[in-house]
Amino acid sequence: MPDSDGARLAVSTTVYPQAAPYLDELAASLRDSRTRAHRVYMVNDGLDAMELRERFRGLDLVLVPGGGTPANNRARGFEALIEDDVKRVVFADADDTFSPDRIEESAKALAHHAVVFNEIRMDDGVGLLAGRIPAGSRVGWRDILDLNFLGLSNTAVRLDALRPHVERVGHDADVVDWPLFTRILHAGVMAFRLPVSETHYRRHPGSFAVLEATSARSAE
């Protein structure tokens, strides 16, 4: 679906049984978005398709068959975006929500930046990027060697920046976001922090910790 400047805009997420209790909140977050100029690409790993369509009623939903490892699901999502010639994508985790301006502000910023990211607000109200990455600043690959603040819950990218690195996503990898964004930035791309917008990150059993220290070796 084209947005205001004619480029195809999408939201991409993966759903799975452990995230099922949170999907109504995700659907509400998507419906509350200030813009509807997007299509939702949802990799489905183990949930009933008819139930998903009902829970996400009113949204332009594309279900992508999933299964296997989390990395395999992410790779299938990337492949669907590329196949449909999506130009810009906002990533979302199925167990998180985000502010109503996030999709709109991400799309605007992607007209000028290949990768954008926003604040991560924890369930205790703490903003993880406050005091670390100033709003409106740009970061490179060295900035994420020790702090994993570019995740698939608070980022948006132009597909021309993502496409060259998709085939290097290991389908058996435990974590996709850190090595993927490290490779993108290592290629010379800078990531821009949105001055506004937030992802509301939910901590629960099975969710990944953020801002973990990680080795840079996998980017090379």
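The values are calculated or read from the model by the stated rules, or taken from the named source; none is laboratory data. These figures come from a predicted structure and were not determined experimentally. Glycine also receives a Cβ, built like all others from the backbone with ideal geometry; neighbour counts cover every protein chain displayed. Heads up: the accessible areas ignore ligands, DNA and RNA and are worked out on the full protein's heavy atoms, side chains in. Shrake-Rupley method; radii C 1.70, N 1.55, O 1.52, S 1.80 Å.
Below are the figures for this structure:
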quantity	calculated
Accessible-area composition of the chain, carbon plus sulfur, in percent [1.4 Å probe]	51 percent
Antiparallel bridge percentage (DSSP; both residues within the chain; nearest 5)	35 percent
Dimensionless Rg over Rh [the chain; C-alpha; Kirkwood]	0.92
Theoretical FRET efficiency, 1/(1+(r/R0)^6), r = Cβ-Cβ of ARG132 and GLU25, R0 22 Å, to 0.05	0.25
Förster-model FRET efficiency, 35 Å R0, ARG57 and ARG168, C-beta, rounded to 0.05	0.45
Whole-number accessible area per residue in Å² for the stretch 1-104, which is evaluated in the context of all protein chains at 1.4 Å	42 Å²
Listed residue (LEU150, VAL90, PRO195) projecting farthest to the positive dipole end of the chain, Cβ model	PRO195
Reciprocal mean inverse distance between Cα atoms of the stretch 1-74 - Kirkwood radius, Å	12.9 Å
Selection from GLY68, ASN118, PHE78 lying farthest towards where the dipole of the chain points positive, charges on Cβ	ASN118
Percentage, to the nearest whole number, of Cα pairs in the stretch 15-131 over 19 Å apart	51 percent
